[in-house]
1. Let me spell it out: the conditions are (1) touching a helix residue (DSSP H, G or I) at 6+ places or on another chain (Cβ under 7 Å); (2) not in a helix (DSSP H, G or I), and LEU111 meets all of them except one. Which number is the exception?
2. Return yes or no: is THR140 among the hydroxyl-bearing types (Ser, Thr, Tyr), more than 12 Å from the chain's Cα centre (by Cα) and not in a helix (DSSP H, G or I)?
3. Here is a list: ILE80, ILE14. Which entry is at pLDDT 95 or above, more than 15 Å from the chain's Cα centre (by Cα) and surrounded by 16 or more Cβ atoms within 10 Å (Cβ to Cβ)?
4. Considering each of THR64, THR85 in turn, give the residue that is more than 27 Å from VAL118 (Cβ to Cβ) and surrounded by 13 or more Cβ atoms within 10 Å (Cβ to Cβ).
5. Restricting to the range 100-125, name every residue that is within 18 Å of SER69 (Cα to Cα) and open to solvent by 40 Å² or more (accessible area, probe 1.4 Å).
6. For THR146, indicate whether it is touching a Lys or Arg at 6+ places or on another chain (Cβ under 6 Å) and open to solvent by 30 Å² or more (accessible area, probe 1.4 Å).
7. Does LYS128 satisfy the condition of being open to solvent by 80 Å² or more (accessible area, probe 1.4 Å) and either modelled with pLDDT of 95 or more or among the charged types (D, E, K, R) (or both)?
8. Residues being of a type in the set (Phe, Trp, Tyr) and closer than 18 Å to THR126 by Cβ: count how many of those fall in the range 84-112.
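The values are calculated or read from the model by the stated rules, or taken from the named source; none is laboratory data. Everything numeric in this text was worked out from a predicted model, so none of it was measured. All Cβ positions, glycine included, derive from the backbone under ideal geometry; neighbour counts span all protein chains shown. In case anyone asks, the SASA skips ligands and DNA or RNA and just uses the protein heavy atoms, side chains included. Shrake-Rupley method; radii C 1.70, N 1.55, O 1.52, S 1.80 Å.
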Amino acid sequence: MSLHYLPPVKPSAIALGTVFNHGIELAVLSPLFGATYQRAKTANTKEEFVRSKEASTTAVAWGTSLVGSALQSYGVGALINATGTLSYKGAAYLGALIFAATSAPTYLAQLFTEKRPVDTVAVGATAKVLETVGLSLFLTWWGTRTNPFD
């Protein structure tokens, strides 16, 4: 497979998009980190805490969130470039399409099939809207093209 098929995206856009998305993910994962902090305070030694289940769970959640944020930033930036999106309105539409294609079915199933509480589903949906629509608006503001004159 040749890398020529992958659209180029400005590295700073990927880096800033990763920070943007990772910040949203950390806000959603904050209860997990709070429990881990409490476990660290009650551990007798540093080695005991490092071997604990909470420490490994938190490390895995943080690492996968970071990698996922980077991949999502590249993907959204590549879509912005491939579609030629230049306006904030176009970026909002693109982000809404990404949300509708990737996340909306999950939240509809949680509401109507699984009968989960609306407030619980709303928190996840709000975070995912920020990760899709917010990220596409942010990357459009920053710029994603490696050479804007092409």
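1. Here LEU111 clears every test but (2).
2. When the stated conditions are applied, THR140 does not pass them.
3. ILE80
4. Values: THR64 fails: surrounded by 13 or more Cβ atoms within 10 Å (Cβ to Cβ).
Among THR64, THR85, only THR85 is more than 27 Å from VAL118 (Cβ to Cβ) and surrounded by 13 or more Cβ atoms within 10 Å (Cβ to Cβ).
5. Of everything in the range 100-125, those that are within 18 Å of SER69 (Cα to Cα) and open to solvent by 40 Å² or more (accessible area, probe 1.4 Å) turn out to be ALA101, THR102.
6. Answer is yes for this residue.
7. Judged against the criteria, LYS128 is not a match.
8. Pass one, the range 84-112, residues of a type in the set (Phe, Trp, Tyr): 88, 93, 99, 107, 112.
Now narrow it down to the ones that are closer than 18 Å to THR126 by Cβ: 99, 107.
Summing the residues that are of a type in the set (Phe, Trp, Tyr) and closer than 18 Å to THR126 by Cβ in the range 84-112 gives 2.
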